Protein chains: 2
Amino acid sequence: MRYHSPVPPIRVTTPAASYDVTIAPGALRSLYPRLRRLTAGNPPRTFVVTSPNIWALWHQALLESFPALHRPTALFLPAGEKHKRLAAIESLAQQLALAGADRDSLLLAFGGGVIGDVTGFLAAIYMRGIRYLGLPTTLLAQVDSSLGGKTGVNLAAGKNLIGSFHQPLAVFSDIDLLATLPPAELRSGLQESVKAGIIRSPSLLRYLEANADAVLAAEPAALTRVVTASVKVKAEVVSQDEKESGLRMILNFGHTIGHAIEAATHYRKLLHGEAIAWGMLAALNLSLSRGGITRKDFDRMVALVLRYGPPPLFRCDPARLVALTGGDKKVRSGRRAFVLATGIGSTEIAYDVTDAELLAATRAMFTHMRHTEE
Amino acid sequence: MRYHSPVPPIRVTTPAASYDVTIAPGALRSLYPRLRRLTAGNPPRTFVVTSPNIWALWHQALLESFPALHRPTALFLPAGEKHKRLAAIESLAQQLALAGADRDSLLLAFGGGVIGDVTGFLAAIYMRGIRYLGLPTTLLAQVDSSLGGKTGVNLAAGKNLIGSFHQPLAVFSDIDLLATLPPAELRSGLQESVKAGIIRSPSLLRYLEANADAVLAAEPAALTRVVTASVKVKAEVVSQDEKESGLRMILNFGHTIGHAIEAATHYRKLLHGEAIAWGMLAALNLSLSRGGITRKDFDRMVALVLRYGPPPLFRCDPARLVALTGGDKKVRSGRRAFVLATGIGSTEIAYDVTDAELLAATRAMFTHMRHTEE
């Protein structure tokens with residue numbers, strides 16, 4: 001068994017908690033000894049929350065390192081965003097209670113973004129808070145949603161309107177799990193790495209430019225490097241601003257229009273990273289029109305977004321997308337924060353972006369779509 | 001209008017937040033100016049969560065000080081423990097979202113324990129946490145549940161199994177609201193004051209002994225004094241131990257058997273304070289049999305519990321009550337913490353109480369019932 005990761009763990013430090021993110025091929029198969037080290041040799045009762053599909057693919061790898069008496073109990077959440085609701089939390093909590101889970105028990109969030117958000121929130125509110133571990137199985141979850149402690153579920157009225165900040169005990173990202181990802185999910189997840197490069201890491205951006213073939217072919221060494229660099233960006237940002245009062249906003253680059261696209265297409269037509277890719281193109285156009293970036297940097301960043309796409313086409317009135325940005329959680333007492341690029345790896349927050357500017361940038365976004373079609 | 005309270009506010013200071021508890025007749029009628037002072041002259045959009053009954057009785061008093069444009073929107077939760085569930089949270093959150101509540105909005109928890117627990121939890125998880133204000137309308141809520149930031153709802157599997165620690169922005173306890181309380185609810189609430197005296201305040205205990213007639217007649221001056229002294233005890237304890245890792249456990253005096261009685265009688269036969277009264281008699285008997293308190297102190301504390309009762313009778317096999325203590329949230333990895341009296345106003349935590357001792361104490365509790373019947 002390979003216990004030791006080739007790259008050192010990345011530390012996330014927030015006022016609420018500090019924890020390590022370990023990125024390594026084979027991490028899943030050595031989970032029990034890792035858990036023993038985390039809990040001073042005394043692992044608690046453990047419950048895995050996962051989807052039937054992931055469990056079928058990976059339960060042998062997960063259970064491999066556990067002695068028979070310490071095997072975790074599996075609780076299932078069906079796959080898909082529509083199960084990210086309070087009804088699922090109630091059902092899982094009821095199962096935990098009937099199985100005798102107490103305040104010392106530990107949850108394992110074994111799946112993609114939905115599993116991570118639901119399990120983290122379940123851990124946040126079961127008996128007023130128990131511990132959980134992130135075991136992200138998709139690229140998007142490994143580079144983004146498993147980090148930072150944002151947990152929650154959707155309401156009929158909107159996504160992620162219910163939730164908590166609850167940091168995991170640790171995150172283990174096993175690169176081997178990405179081998180079974182469909183290509184579209186891989187590309188979608190990589191758009192969050194492109195975003196990490198654009199907002200804060202010129203070296204990650206250069207690596208993504210120079211090694212696109214290896215990365216898109218899911219070569220383990222290339223993916224390990226990209227995941228590690230992306231996690232470092234997010235870990236730095238989250239460590240400086242756990243609750244999104246300032247710096248953390250830069251992680252929303254591309255997300256204002258991206259979320260509007262997801263809403264306009266009813267969260268069905270595009271994967272999250274694909275919608276964010278379009279949102280980044282809108283944000284880059286807005287940054288260019290405001291004179292925040294040079295035409296050369298603009299062209300380079302647009303080319304990178306399209307290289308890791310192109311994202312699927314969709315139809316929508318640009319004015320409708322702008323109108324949809326009004327319901328965003330990032331609006332506080334009517335003020336809309338917008339993240340703009342100011343160069344390769346740097347950003348600024350603007351509070352004075354008008355609807356007219358946003359409309360022009362959204363129209364410009366659609367011109368990239370036309371180029372893609374040709 | 002009386003803005004100024006006759007007693008200075010009591011400060012609660014936890015690692016998460018600090019806030020004032022203001023105990024004053026008429027506090028409700030001067031809420032808006034108090035809110036302005038709390039929010040630096042800029043009160044946010046405000047939503048009241050309340051029950052139809054409380055709203056019918058007190059909405060005029062609550063709205064009196066608000067300018068027409070700033071009147072809070074009322075959201076309703078039907079009265080009763082059975083509505084303390086995630087389904088109510090989902091419905092209230094959906095109403096908040098549709099009404100446009102954002103991260104700066106403020107909730108008012110206007111009601112008894114259930115309203116306080118539900119509203120505090122709703123505030124804890126709506127958009128990952130917004131602010132709320134406690135406006136407790138029952139004595140039990142004023143002296144106990146509105147303080148300390150424990151919020152949550154029930155599962156089918158058990159009470160308060162879902163929740164968060166979320167401290168209010170402030171608590172305003174208006175003694176005038178207690179005038180409409182049914183006598184049994186008043187007596188039930190006073191048992192938590194008796195508990196506060198037993199665990200930490202000999203002077204409160206003496207006051208409750210010497211002024212029982214005035215207190216039980218709900219004389220405002222007497223109630224103000226009792227509520228203030230009870231809140232001081234809880235505020236001191238919670239300030240030293242927000243998350244129940246040590247000192248806060250003493251607040252559970254009488255609650256181990258009390259909760260078992262509530263479960264055995266399906267939460268229908270006795271009010272919470274009435275069950276706690278019986279639980280305190282069991283705990284006092286256990287303290288006596290262990291030699292922790294003198295017979296004289298024992299007699300005095302038993303007499304006080306019965307003076308503010310006697311709590312209603314019920315039938316249950318003592319062995320069943322002991323068995324029911326096993327499911328308590330206070331059990332961690334199999335260890336049961338039990339709070340024992342060691343004198344008037346002092347306690348200790350014992351981890352070695354056997355089922356046999358607990359059974360003997362529970363049997364002794366029933367002997368007080370027989371004396372009550374005679």
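The values are calculated or read from the model by the stated rules, or taken from the named source; none is laboratory data. These numbers were taken from a predicted model, which means no experiment stands behind them. Reconstructed Cβ throughout: ideal geometry from the backbone, glycine too, with neighbour counts over all protein chains shown. The area values use the complete protein model at the heavy-atom level, side chains included, leaving out ligands, DNA and RNA. Shrake-Rupley method; radii C 1.70, N 1.55, O 1.52, S 1.80 Å.
Around A:ALA323, what is the net charge, scoring Lys/Arg as +1 and Asp/Glu as -1 over all other residues with Cβ under 11 Å from its Cβ? So the surrounding residues net to -1. Taking Lys and Arg as +1 and Asp and Glu as -1, the other residues whose beta-carbon sits under 12 Å from that of B:VAL305 total 0. Taken about its Cα centre, the range A:228-355 carries a charge dipole of roughly 160 debye when the Cβ of each Lys and Arg holds +1 and the Cβ of each Asp and Glu holds -1. A Förster distance of 51 Å, applied to the separation of the beta-carbon atoms of A:PHE66 and A:LYS269, puts the FRET efficiency at 0.80. How big, in percent, is the set of alpha carbon pairs in the range B:54-158 lying more than 17 Å apart? For the range B:54-158, the share of Cα pairs beyond 17 Å comes to 53 percent.
Heavy-atom accessible area per residue, chain A, 1.4 Å probe: how many Å²?
Counting only protein heavy atoms, the per-residue value for chain A is 39 Å².
With loop defined by DSSP as not H, G, I, E or B, and exposure as at most 13 other Cβ atoms within 10 Å, which is the longest segment of chain A clear of exposed trypsin sites (Lys or Arg not before Pro)? Display every interim value, and only then the final one.
On the way: sites that count: A:ARG2, A:ARG268, A:ARG315.
Counting only loop sites that pass the neighbour cut-off, the longest clear stretch is A:3-267.
In chain A, the beta-carbon sitting nearest the axis that superposes A on B belongs to the residue given here with its distance in angstrom, A:LEU86, 3. A Förster radius of 22 Å, combined with the Cβ-Cβ distance separating B:ASN53 from B:LEU98, puts the computed FRET efficiency at roughly 0.35.
Approximating the spin labels as points 7 Å out from Cα along Cα→Cβ, the A:GLU209-to-A:GLU81 distance works out to 3.2 nm. Heavy atoms of chains B and A lose about 3200 Å² of accessible surface on contact, summed over both sides with a 1.4 Å probe. Taking the protein heavy atoms of the protein assembly as shown in the context of the full set of protein chains, the accessible area attributed to carbon and sulfur is 53 percent at 1.4 Å.
Could you give the dipole magnitude of chain A about its Cα centre, charging the beta-carbon of Lys and Arg +1 and that of Asp and Glu -1, in debye to the nearest 20? Working shown, then result.
Details: 41 positive and 31 negative charges, 97 e Å.
Charge dipole of chain A: 460 debye, to the nearest 20.
A label point on B:GLN60, set 7 Å along the Cα-to-Cβ line, lies at 7.6 nm from each of its counterparts in the other copies, closest listed first.
What does the charge add up to near B:VAL227, with Lys and Arg as +1, Asp and Glu as -1, over the other residues with Cβ less than 13 Å from its Cβ? Summing Lys/Arg as +1 and Asp/Glu as -1 gives -2. Take B:ALA16, project a point 7 Å from its Cα along the Cβ direction, then tell me which residues of the range B:229-259 have their backbone nitrogen under 11 Å from it. Residues B:242-244 fall inside that zone.
Per residue of B:343-354, what is the mean number of Cβ atoms on other protein chains within 10 angstrom of that residue's Cβ? Intermediate values should be presented prior to the final figure.
Numbers: counts 0, 0, 0, 0, 0, 0, 0, 0, 0, 0, 0, 0.
Mean partner shielding for this stretch: 0.
Once backbone amide H atoms are built at 1.01 Å from N, B:LEU75 has B:VAL48, B:VAL49, B:THR50 as its partners under 5 Å, excluding neighbours fewer than 5 places away on the same chain.
DSSP bridge analysis restricted to the protein assembly as shown gives an antiparallel fraction near 45%, rounded to the nearest 5.
Between identical copies, the spacing of B:SER18 label points, each set 7 Å from Cα toward the C-beta atom, reads 2.6 nm from nearest to farthest.
The H on the amide N of B:THR137, modeled in the peptide plane, is under 5 Å from the matching H of B:GLY111, B:GLY112, each at least 5 residues off or on a different chain.
Straight-distance candidates among the lysines for linking to B:LYS195, with alpha-carbon spacing under 23 Å and chain neighbours fewer than 8 residues away dropped: B:LYS150, B:LYS159, B:LYS232, B:LYS234, B:LYS243, B:LYS269, B:LYS296, B:LYS329, B:LYS330. Averaged over peptide A:77-87, the number of partner chain Cβ atoms lying within 10 Å of each residue's Cβ comes to 1.
Position B:ALA157: other-copy label points at 2.9 nm, ordered by increasing distance, label point 7 Å along Cα→C-beta.
When chain A is treated as a Gaussian network with alpha carbon springs shorter than 10 Å, the biggest mean-square fluctuation among A:ALA214, A:ALA275, A:ALA222 belongs to A:ALA214.
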